[in-house]
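Visitor: This is the structure I want to talk about, given as structure tokens.
The values are calculated or read from the model by the stated rules, or taken from the named source; none is laboratory data. Since we're looking at a predicted model, the values are computed, not measured. Note that each Cβ is placed from the backbone with ideal geometry, even for glycine, and that neighbours are counted across all protein chains shown.
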Amino acid sequence: MLRPWAVQWITAVLLCRAAAQYSSDQCSWRGSGLSHESHRRDVEQVYLRCSQGSLKWLYPTGAIIINLRPNTEPSSGHMAGLHVCIKPHTYSQGSHVYLERAGDLRLLLAEEEQAQGRVHCFSLAEGALFVEAVPQKDISRRITAFQYELVPSQGPGAHMYPYLHPGLDTCEPCSDEEVLMAVCTSDFAGRGIFQRVVLNVNDRSQVVVTLSRLFHQKSRMFAWGGVRGRSWSGRVNIPAQCGVHPGEDEYLLTGYVHFGEAWLGCTPRYKDFLKLYMKAQRMGTNPCQIDTD
């Protein structure tokens, strides 16, 4: 439940928008509580309209309401199924992070949890982020900082990202339609093998992969070189319960980049993908073209 003083804060902001300060950057916001330290119950409205960005709040005092929206028209349908994922920096402290909707607050991330640097996701429909400074006699060296991403909860490989639906992520194979779409829309797609598992933690495994063919990639997740300089290599994350089979079998490797890390999505055996792709090619139903030779 929302505390009485917090209700007063939010009501005051809604009734008096002129007192709010707005970020000039559509993707990221940086500010300081020293600008209104004498008014420690001030609430600042922040509006961000990017698919990803960051927030850095030095010397937190008062509170910030962060309104996240995709840079699309509301009628376009792109907001449906969107989730927001935030990843605090390990040095982040000085505030609690709540979800605020219709005057109710729900704790999303307590101050002491932020040092873990874990990703937390919630549906965009659940409300705005309400970042409340923890009262301190000395606010020096206190910084609240996190990155955010807008992530679709449906689509090729979405079920493999464990932070969207904690405990409900699955290792089920993608449908034929999802595989064909993943080749076109994923952050990376290539033909390769699993080399070895190099990291196992509670929610994920990290696997070294080698690609003999890279169709496309985002953010240079895979480096050219590898064995005899004739392949691409890199690391991908998968949910811990999803096993991989290192060896000679080739797979179509697709996936997405979240907070600078590659996450595996649709991954059929490459020979099965080729059959599917060629069939769709003959029928003229491929959403995009790639060079499979």
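Visitor: Which condition from (1) modelled with pLDDT of 95 or more; (2) under 24 Å from Glu261 (Cα atoms) is the one that Leu107 breaks?
Guide: Status for Leu107: all satisfied but (2).
Visitor: Given the criterion over 19 Å from Gly155 (Cβ atoms), modelled with pLDDT under 95 and part of a strand (DSSP E or B), identify the matching residue among Ile86, Ile64.
Guide: Details: Ile86 fails: modelled with pLDDT under 95.
The unique qualifying residue is Ile64.
Visitor: In addition: Working carefully through the options Thr292, Thr254, find the one that is in a strand (DSSP E or B) and in contact with a helix residue (DSSP H, G or I) (Cβ under 7 Å, 6 or more places away or on another chain).
Guide: Thr254
Visitor: Quick one: Trp232 ticks every box in (1) more than 23 Å from the chain's Cα centre (by Cα); (2) under 26 Å from Thr170 (Cβ atoms); (3) part of a strand (DSSP E or B) except a single one, so which number is it?
Guide: The single condition Trp232 does not satisfy is (2).
Visitor: Only one of (1) of a type in the set (D, E, K, R); (2) in a helix (DSSP H, G or I); (3) surrounded by 16 or more Cβ atoms within 10 Å (Cβ to Cβ) fails for Lys279. Which number is that?
Guide: It fails just one condition, (3).
Visitor: Here are Ser32, Ser23, Ser51: which of them is modelled with pLDDT of 85 or more and under 22 Å from the mean Cα position of the chain (by Cα)? Working first, answer last.
Guide: Details: Ser32 fails: under 22 Å from the mean Cα position of the chain (by Cα); Ser23 fails: modelled with pLDDT of 85 or more.
Residue meeting the stated conditions: Ser51.
Visitor: In contact with a Pro (Cβ under 6 Å, 6 or more places away or on another chain), within 25 Å of Val119 (Cβ to Cβ) and surrounded by 19 or more Cβ atoms within 10 Å (Cβ to Cβ), is that true of Phe188? Lay out the reasoning, then the answer.
Guide: On the way: in contact with a Pro (Cβ under 6 Å, 6 or more places away or on another chain): no; within 25 Å of Val119 (Cβ to Cβ): yes; surrounded by 19 or more Cβ atoms within 10 Å (Cβ to Cβ): yes.
Here the answer is no, as Phe188 does not meet what is asked.
Visitor: For Ser219, indicate whether it is under 30 Å from Val119 (Cβ atoms), at pLDDT below 95, part of a loop (DSSP other than H, G, I, E, B) and among the small types (Gly, Ala, Ser).
Guide: Details: under 30 Å from Val119 (Cβ atoms): yes; at pLDDT below 95: yes; part of a loop (DSSP other than H, G, I, E, B): yes; among the small types (Gly, Ala, Ser): yes.
It is true that Ser219 is under 30 Å from Val119 (Cβ atoms), at pLDDT below 95, part of a loop (DSSP other than H, G, I, E, B) and among the small types (Gly, Ala, Ser).
Visitor: Among the listed residues Ile238, Ile143, identify the single one that is of a type in the set (Val, Ile, Thr), surrounded by 19 or more Cβ atoms within 10 Å (Cβ to Cβ), within 30 Å of Gln114 (Cα to Cα) and touching a strand residue (DSSP E or B) at 6+ places or on another chain (Cβ under 7 Å). Please lay out each step first, then the result.
Guide: Numbers: Ile143 fails: surrounded by 19 or more Cβ atoms within 10 Å (Cβ to Cβ).
Result: Ile238 is the single residue among Ile238, Ile143 that is of a type in the set (Val, Ile, Thr), surrounded by 19 or more Cβ atoms within 10 Å (Cβ to Cβ), within 30 Å of Gln114 (Cα to Cα) and touching a strand residue (DSSP E or B) at 6+ places or on another chain (Cβ under 7 Å).
Visitor: So which strands (runs of 3 or more DSSP E) stay within the range 106-212 end to end and still have 3 or more residues that are more than 16 Å from the chain's Cα centre (by Cα) and touching a residue at least 24 places away in the same chain (Cβ under 8 Å)?
Guide: Values: elements: 120-123, 128-133, 143-152, 188-200.
Result: 128-133, 188-200.
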